[in-house]
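Quick note: the coordinates plus some simple rules give every number you see, no bench work behind them. Given the structure is predicted, the values throughout are model-derived calculations rather than measurements. Here the Cβ is made from the backbone with ideal geometry for all residues, glycine too, and neighbour counts use every protein chain on show.
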Amino acid sequence: MELEGQEGRNIFLSLDNLLEILGNPTRRIILSKLAKIPLGASELAASFGKKISRQAIHSQLKMLSDSGIIESFGDDPRNIKYRLKSNLSLRINITPDYYNINYNIVKVDETRENLEFKNTGFDLDYQKLRTTNKKFRFLGEKIKIIEQNLRNLEEERNELIHSKECFIVELKNVMTEQYEDTFSTKEQPNLEKEIFYTLFYDPVKYFKRINIDKLLDDMFFSEMGPIRRDQHKVSIRHLLRDLSNLMDFLREDEDDWFFEI
């Protein structure tokens, strides 16, 4: 498993909370609407008709605000609007032989300098356009091209994920053929194999020096208390030593472990 935040920034919302928020269809609709235009609670309630009460809308807005995803603004208490205040992305891949979650959530930079049109590289062409209709056509065409490029990237990504899964399946086949008898004599054969596959899920993360704490997190031992976590840390070190006796690309050097793939 892989959990990543944007490099150099602290994630202020846990994955569990994020999934809980996005798991609610009403909250997803609210976020979709606020991504287009700022809206007040009464406007949002009206868009749902009689399906959801205004009180329920206020409750959802409070949860999204408390989570730091949206914010309210306006000086008139009778005309408070809401807008998004975070950049958020979530990608989940689960197959019979692969499990990956990658998410990103950071608060929007107040200056918004990174969203200036001049940064697109099309500023000079755009400035030559004189009519509003031509500007609309220009912007729409660029958005259409970007959307198509994103779809192409998604298709390429799906092909890469498929190839990765094929390699993982073959990796498991080799493990079964070569070491199944060895693992059958172990006290914790499944845990030993889980460690091995966790390293191969993302060799980039563990390339060269292995961070034992990251390995514990990726195997969900971080959910345990500190005592049990430390106990598993000792067990994992012993199991790494057993694996290194079988495979020459995994070795121990004093208190460090190295994954030389």
- Message: Output wanted: per-residue J couplings in Hz (rounded whole) for region 167-175, from phi through Karplus 6.51 cos²θ - 1.76 cosθ + 1.60, θ = phi - 60°, x for Gly and Pro.
- Response: 5, 5, 4, 5, 4, 5, 4, 5, 4
- Quotient of Cα Rg and 2.2 N^0.38 Å for region 186-259, N being how many residues it contains: 1.02
- Message: Only Cα pairs within less than 10 Å get springs; with that Gaussian network setup on the chain, which residue of 18, 84, 153 has the largest fluctuation?
- Response: 153
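Mind sorting 204, 106 by how few other Cβ atoms lie within 10 Å of their own Cβ, fewest first? Numbers along the way, then the final one.
On the way: 204 6, 106 18.
Ascending number of Cβ neighbours within 10 Å: 204, 106.
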- Query: So which lysines can residue 144 reach, going by Cα to Cα under 20 Å and dropping same-chain residues fewer than 8 places off?
  - Reply: 36, 118, 134, 135
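Report, to two decimal places, the Cα Rg of region 127-182 normalised by 2.2 N^0.38 Å (N = number of residues).
That ratio works out to 2.32.
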- Quick one: which residues, 5+ away or cross-chain, put their amide H under 5 Å from the amide H of residue 108? H built at 1.01 Å from N. 86, 87
- Query: Of 126, 179, 99, which is the most mobile in a GNM of the chain whose springs link Cα atoms less than 10 angstrom apart?
  - Reply: 126
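Please arrange 207, 48 by counting, for each residue, the other beta carbons lying within 10 Å of its beta carbon, fewest first. List each step's numbers first, then the result.
Numbers: 207 13, 48 16.
Listing 207, 48 from fewest to most nearby Cβ atoms yields 207, 48.
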- Using Cα-only point scatterers and the Debye equation, what is log10 of I(q)/I(0) for region 3-95 at each q in 0.16, 0.20, 0.21 Å⁻¹, rounded to two decimals? -0.69, -1.00, -1.08
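Hand me the GluC sites (Glu not before Pro) from region 70-144 located in a DSSP loop with no more than 13 other Cβ atoms within 10 Å, in residue order please.
110, 116
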- From Cα coordinates alone, what are the radius of gyration and Dmax values for the chain in angstrom? 24.9, 78
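Which GluC sites (Glu not before Pro) in region 184-254 sit in a loop by DSSP (not H, G, I, E or B) and have at most 15 other Cβ atoms within 10 Å of their own Cβ? Display every interim value, and only then the final one.
Values: sites: 187, 192, 194, 223, 252, 254; in loops: 187, 254.
Passing both the DSSP loop test and the Cβ count: 187, 254.
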- Item | Calculated diffusion of region 148-226, Stokes-Einstein form, Kirkwood radius summed over Cα pairs, 4 °C and 1.567 mPa s, µm²/s | 87
- Note on the structure: Long-range amide H partners of residue 40, meaning residues 5 or more apart or on another chain whose placed amide H is closer than 5 Å, are 82
- Pick out which of 94, 168, 210 has the largest mean-square fluctuation in a Gaussian network model of the chain, springs linking Cα atoms closer than 10 Å. 94
- Short version: ³J(HN,Hα) in whole Hz for each residue of region 34-41, in order, from phi by Karplus 6.51 cos²θ - 1.76 cosθ + 1.60 (θ = phi - 60°), x for Gly and Pro, what are they? 5, 5, 8, 8, x, 9, x, 4
- Loop-resident trypsin sites (Lys or Arg not before Pro) in region 207-251 with no more than 11 other Cβ atoms inside 10 Å, DSSP not H/G/I/E/B, are none
- Note on the structure: In order over region 247-258: 3J(HN,Hα) from phi, Karplus 6.51/-1.76/1.60, θ = phi - 60°, whole Hz, x for each Gly or Pro, gives 10, 7, 9, 10, 9, 10, 9, 6, 9, 10, 10, 10
